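Just below is one structure, and these are the notes that go with it.
The values are calculated or read from the model by the stated rules, or taken from the named source; none is laboratory data. Note that the coordinates shown come from a computational prediction; the quantities given were computed from them, not determined experimentally. Cβ coordinates were reconstructed from backbone atoms using ideal geometry, including for glycine residues, and neighbour counts include every protein chain displayed. Side chains included, ligands, DNA and RNA excluded: accessible areas come from the protein's heavy atoms. Shrake-Rupley method; radii C 1.70, N 1.55, O 1.52, S 1.80 Å.
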Amino acid sequence: MTHDAILIIDFGSQVTQLIARRVREMGVYCELAPFQSAGAAFDRLKPKGVIFSGGPASVAEAGSPRAPQQVFSAGLPILGICYGQQTMAQQLGGEVEGGHAAEFGRAEVDVVAPSRLFAGVWDKGGRYPVWMSHGDRVTKLPDGFSVKATSENAPYAVATDEARRFFTTMFHPEVIHTPDGAKLLRNFVIDICGCRPDWSMAAYRAEMIAKIGAQVGKGRVLCALSGGVDSAVAAILIHEAIGDQLTCVFVDHGLMRKDEGRQVVDLFRGHFNIPLVHVDAEAMFLGALAGVSDPETKRKTIGKLFIDVFEDEARKIAADGKGAPQFLAQGTLYPDVIESVSFSGGPSVTIKSHHNVGGLPARMNMALVEPLRELFKDEVRALGRELGLPEAFVGRHPFPGPGLAIRIPGDITKEKADILRAADAIYLDEIRKAGLYDTIWQAFAVLLPVRTVGVMGDHRTYDHVLALRAVTSVDGMTADFYPFDMAFLGRVATRIINEVKGVNRVVYDVTSKPPGTIEWE
């Protein structure tokens with residue numbers, strides 16, 4: 001690593017990843033480590049500054065999370081956010097108490113003294129909107145700290161030791177609900193820590209190509225393509241590094257969006273000339289899913305079959321006289337890495353399957369090549385553009401690995417999949433025609449396990465109900481429904497009912513999603 005870096009110590013906040021996103025958006029590299037392994041991460045990364053995240057625990061309770069002591073003695077700038085402020089205060093000799101009035105949601109802070117953290121942002125003092133999420137509060141500051149801002153229920157909303165470059169906020173600057181939060185974080189990362197903003201996808205591309213070449217040498221690599229952006233970008237990057245030593249396997253399970261299988265084949269064989277094995281496994285997958293209605297069972301069924309088919313193709317490739325593949329390429333992203341090591345109940349480390357169904361087995365005995373494991377989703381898209389992927393492919397909405405299987409609640413049949421595929425294509429076509437596709441984070445149709453009586457012309461029908469979903473999201477963690485006008489919804493519903501046999505009613509889902517999954521199951 002030749003880039004300046006920031007270490008983020010994770011104390012379990014549901015928005016810790018947003019801190020990393022804000023830092024990356026500045027062009028500065030950062031890594032996130034749970035507090036238990038933060039000491040080792042600190043020694044390895046050699047950061048120019050450290051950020052403590054928020055968290056759900058109470059500092060006042062015995063055994064609650066703490067930062068490694070070496071971070072305080074290193075002479076580096078530290079920014080503590082919410083729980084990060086509280087543990088910093090306690091570890092440096094201050095006091096924290098529970099039982100005071102909490103603050104959750106929108107609040108305002110009054111700036112009472114200048115700070116380097118505020119430079120060029122809150123220089124003139126005054127009152128500013130922020131986002132709070134705390135129950136405990138600091139009641140005594142450590143020696144050397146002074147108050148820079150207060151709020152109604154946080155007397156030390158901002159407290160700093162400017163000499164030691166220790167800064168703390170009780171509010172969350174990383175969320176969009178704190179309008180000036182990104183500017184405060186930039187002051188800390190760029191001006192106070194002195195980090196160079198040299199983290200770019202052009203640099204990452206060159207560095208990763210060299211790294212892949214050194215790792216693989218003359219070996220062969222298999223890559224499981226899903227049709228999604230992550231595996232596509234990983235495959236193209238690896239192909240740039242090692243050429244035809246890479247073979248891609250695309251298992252088409254028959255639950256893709258309309259024409260998606262053909263698009264994948266055309267892109268990789270025609271546009272990029274990458275060796276590709278296309279397996280048409282629709283009959284096999286739909287047969288195995290017949291009568292299965294539980295969403296998790298669907299995932300596991302698809303996962304097992306995917307592994308079986310992939311292993312079978314791997315054996316065929318190994319027998320082609322060019323030697324057995326020694327490496328398996330995966331499109332693992334940084335959020336997958338974070339989740340796998342999270343102290344707050346995240347799953348144990350596993351190989352990420354592009355079908356989100358549990359990964360490939362250890363018996364395949366191949367080393368992993370994971371060229372995207374340091375990137376967030378939007379960085380993967382930027383890298384895809386850097387690699388020359390068509391915008392229509394790079395910018396496509398997220399699509400779950402199990403595909404239409406989890407957008408057909410209840411049992412799955414080919415007839416239902418075809419109905420949903422056709423309706424979904426019309427919905428997305430109208431969104432594109434309205435110029436809304438890039439404004440919406442994710443849009444899709446769901447074939448509900450409900451049939452209703454309707455009248456179409458002179459005929460009575462008994463057909464399916466289709467739900468439409470469209471959400472906006474900044475971070476992929478929270479989502480709100482997109483406020484289509486009624487004319488648009490009427491146009492989409494009319495087209496679907498007229499053009500898709502089997503649907504006689506269309507509804508629009510206007511629920512919002514809190515932090516967590518955005519998928520509809």
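Residue check: is Glu415 closer than 30 Å to Gln215 by Cβ, open to solvent by 10 Å² or more (accessible area, probe 1.4 Å) and charged (D, E, K, R)?
Spelling it out, it is not the case that Glu415 is closer than 30 Å to Gln215 by Cβ, open to solvent by 10 Å² or more (accessible area, probe 1.4 Å) and charged (D, E, K, R).
From Arg262, Arg269, Arg220, grab the single residue that is closer than 30 Å to Val446 by Cβ and basic (Lys, Arg).
Testing whether each residue is closer than 30 Å to Val446 by Cβ and basic (Lys, Arg) leaves just Arg262.
Within the range 195-213, how many residues are touching a residue at least 60 places away in the same chain (Cβ under 8 Å), open to solvent by 40 Å² or more (accessible area, probe 1.4 Å) and among the hydrophobic types (A, V, I, L, M, F, W, C)?
1
Out of the residues in the range 1-26 meeting the condition of being open to solvent by 10 Å² or more (accessible area, probe 1.4 Å) and hydroxyl-bearing (Ser, Thr, Tyr), tell me which one is nearest to Gly75 (Cα to Cα).
Thr2
Give the range 122-143 a look and list any residue that's within 15 Å of Ala89 (Cβ to Cβ), open to solvent by less than 10 Å² (accessible area, probe 1.4 Å) and within 33 Å of the chain's Cα centre (by Cα), or say none.
His134, Val138
Do we have Phe343 as in a loop (DSSP other than H, G, I, E, B), in contact with a Gly (Cβ under 9 Å, 6 or more places away or on another chain) and modelled with pLDDT of 80 or more here?
No: the conditions fail for Phe343.
Restricting to the range 387-444, name every residue that is part of a helix (DSSP H, G or I), over 30 Å from Ala202 (Cβ atoms), in contact with a helix residue (DSSP H, G or I) (Cβ under 6 Å, 6 or more places away or on another chain) and hydrophobic (A, V, I, L, M, F, W, C).
Leu404, Ala405, Ile406, Ala417, Leu420, Ala423, Ile426 - these are the residues of the range 387-444 that are part of a helix (DSSP H, G or I), over 30 Å from Ala202 (Cβ atoms), in contact with a helix residue (DSSP H, G or I) (Cβ under 6 Å, 6 or more places away or on another chain) and hydrophobic (A, V, I, L, M, F, W, C).
Assuming Val277 fulfils every condition listed in (1) β-branched (Val, Ile, Thr); (2) over 30 Å from Arg22 (Cβ atoms); (3) buried (at least 17 other Cβ atoms within 10 Å of the Cβ) apart from one, which condition is it?
(3)
Any idea which of (1) closer than 25 Å to Gln90 by Cβ; (2) surrounded by fewer than 23 Cβ atoms within 10 Å (Cβ to Cβ); (3) basic (Lys, Arg) is the one Arg220 doesn't satisfy?
(1)
I need the strands (runs of 3 or more DSSP E) fully contained in the range 144-194, keeping only those with at least 2 residues that are more than 15 Å from Arg22 (Cα to Cα), open to solvent by less than 10 Å² (accessible area, probe 1.4 Å) and among the small types (Gly, Ala, Ser).
The qualifying strands (runs of 3 or more DSSP E) are 154-161.
I'm checking my understanding of the structure. Among residues of the range 432-470 that are over 28 Å from the mean Cα position of the chain (by Cα) and charged (D, E, K, R), which one is surrounded by the most Cβ atoms within 10 Å (Cβ to Cβ)? Before the answer, list the steps.
Step one: of the range 432-470, the residues over 28 Å from the mean Cα position of the chain (by Cα) are 449-465.
Still in the running and charged (D, E, K, R): 451, 458, 460, 463.
On the way: Arg451: 15, Asp458: 5, Arg460: 10, Asp463: 18.
This residue is Asp463.
For the range 223-250, how many residues meet the condition of being open to solvent by less than 10 Å² (accessible area, probe 1.4 Å) and assigned to a strand (DSSP E or B)?
Result for the range 223-250: 7.
Could you pull out the residue among Gly261, Gly243, Gly303, Gly270 that is at positive phi and either touching a residue at least 60 places away in the same chain (Cβ under 8 Å) or of a type outside the set (Lys, Arg) (or both)? Working first, answer last.
Details: Gly261 fails: at positive phi; Gly303 fails: at positive phi; Gly270 fails: at positive phi.
Sole residue among the options that is at positive phi and either touching a residue at least 60 places away in the same chain (Cβ under 8 Å) or of a type outside the set (Lys, Arg) (or both): Gly243.
Quick one: is Arg505 of a type in the set (D, E, K, R), surrounded by 13 or more Cβ atoms within 10 Å (Cβ to Cβ), assigned to a helix (DSSP H, G or I) and over 29 Å from the mean Cα position of the chain (by Cα)?
No.
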